[in-house]
Each structure stands twice: as structure tokens, then as C-alpha cells.
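K.L.:
Questions regarding the structure given below will be posed in turn.
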Amino acid sequence: MAAAAIDALNGTAALAAFGEAVAGCTRCPLAATWTQVVFGAGSPTADLMFVGEAPGFHEDKQGLPFVGAAGQLLSKLLAGIGLTRDDVYICNTLKCRPPGNRDPLPEEIAACESHLFRQIELIRPRVVATLGNFATKLLSGKPDGITRVHGREQEVSLGGSRVLLYPIFHPAAALYTPRMLDVLEADFKRLPELLGREDAQPPPAAPPPEPAPEPAAVQLGLF
Ligand code: URA
């Protein structure tokens, strides 16, 4: 089997195992109020990854990201550029629903961010599209809000690789303000071009981990 196919299989298995580990996460108090962790969904080898804010009511119940009204709009926007949800990977900044869908708290983002960075490391997308302010600020490492930076790609290092970060308004914005739909559609239309860019080639696979020293002195958990 070709090396790239073996890398893909290893990455897929590692992402599934990581999802199982994160399902039991208790790093922040949201673990006491959710129905379940909403890890992410879609292709584990996607070139394009979307990162939203946090699960809402329906996502919390179903265990899948973007299955409510904003998610239906996301599916439509994807269809508009010839993609389905199975072609991409979709997840959130927070993996757990904040009560009443309030904004994520800084300490919740801090507790959860390494889950997202590990997902990016395992999926190795070419383009990471951030939906809204929370994902954009976290992954750009800058305070600039989405109104200022939407539609402007930037090359960043995430999860150990260079990726194109592409901020887009959150689809929920167009549910509240219908004229935002034109802006969202225009920003989505640029995605095929960004995915085709030479400099957005998939990064080389990470080298396999060093064999554990004998005897293994410390057993490191995932959390
Ligand atoms: N909004 C988000 O940011 N994420 C979801 O999964 C659903 C709505």
C-alpha cells in the first residue's frame, strides 16, 4: 500500500481513538451540564475543515455538529460550491454545549483548545475555515473580529503544519440578518480557489512516535 494511504488510515484510526478519549473529558464544568461531547464529523482526511463556536441544543442531543438551523444553512452553502458535509470535516471551538447557548467563556476555550489543535494535527487539512469570532480569534491568535477579517486568508501554523486560515461569518449571522447571506456566499465562493492553491499542499505526515523507552517510566494520559 502507498505511504500516503497508510498515513491516511493511521490518521483516521488515531482521530477515532482521540474522539473516544475526548468523549469522557471533564476538563471544564460544562461536563456537568451536557448530554454528550460533540467531537466533530465528516471526512477524517478532509482538505477543508470548518470550526464553529460550540454545540447548541440540537447538536448536544444528537452528538453531531451543525445539525440545527445554522447547520442546514452550512450544508446549503457547501452545496453551492459543489461540496457535501462528507467532503469536509466540521467541528467546534468548544466540544460541549454552554448552558442556554451562551457565549463560550475564556476558561472553557482554554480548557478545550488542545482538543481542536490535536484534531487539526490528525486531519491535516489544507484550509481551516473559521466560522465566527470565537474560532477566528483562537486560531489566528489575534483579537481582530470577524467583521474585519472575514474573507481574508492567512497562512498560519496549526497543529504542527502550515495551513490557510480562512475566516468566514458564522452561518447563524445570516439567520438573524438575511443580507449577511450574500457576504457568506461570496466568502464561500473563494474556497475552491483556496483549496487549489499550490501553497496549500497537504503537509508531510508527522514522523512516527519514538518507541517507548524500556521500561516505560511514565504513562501519559490524553488529558
Ligand atoms: N453553532 C455552532 O457554532 N456550532 C454548532 O455545532 C451549531 C451551531
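K.L.:
In the stretch 40-95, which residues are of a type in the set (Phe, Trp, Tyr) and within 8 Å of the ligand (Cβ to nearest atom)?
P.N.:
66 - this is the single residue of the stretch 40-95 that is of a type in the set (Phe, Trp, Tyr) and within 8 Å of the ligand (Cβ to nearest atom).
K.L.:
Testing residue 102 on (1) away from the ligand (no atom under 14 Å from the Cβ); (2) closer than 21 Å to residue 30 by Cα; (3) of a type in the set (D, E, K, R), one condition comes back false. Which one is that?
P.N.:
Exception for residue 102: condition (1).
K.L.:
From the list 147, 130, which one is loosely packed, with under 13 Cβ neighbours inside 10 Å and either more than 16 Å from the ligand (Cβ to nearest atom) or assigned to a strand (DSSP E or B) (or both)?
P.N.:
147
K.L.:
Before we move on, is residue 174 more than 30 Å from residue 5 (Cβ to Cβ), at pLDDT 95 or above and either surrounded by 15 or more Cβ atoms within 10 Å (Cβ to Cβ) or among the hydroxyl-bearing types (Ser, Thr, Tyr) (or both)?
P.N.:
Taking the combined requirement at face value, the residue satisfies it.
K.L.:
While we're on this one: How about the stretch 78-120: which of its residues are touching a strand residue (DSSP E or B) at 6+ places or on another chain (Cβ under 8 Å) and polar (S, T, N, Q)?
P.N.:
92, 93, 119
The values are calculated or read from the model by the stated rules, or taken from the named source; none is laboratory data. Remember, predicted model here, so these are calculated numbers, not experimental data. Heads up, the Cβs are rebuilt from the backbone with ideal geometry, glycines too, and the neighbour counts pull from every protein chain shown.
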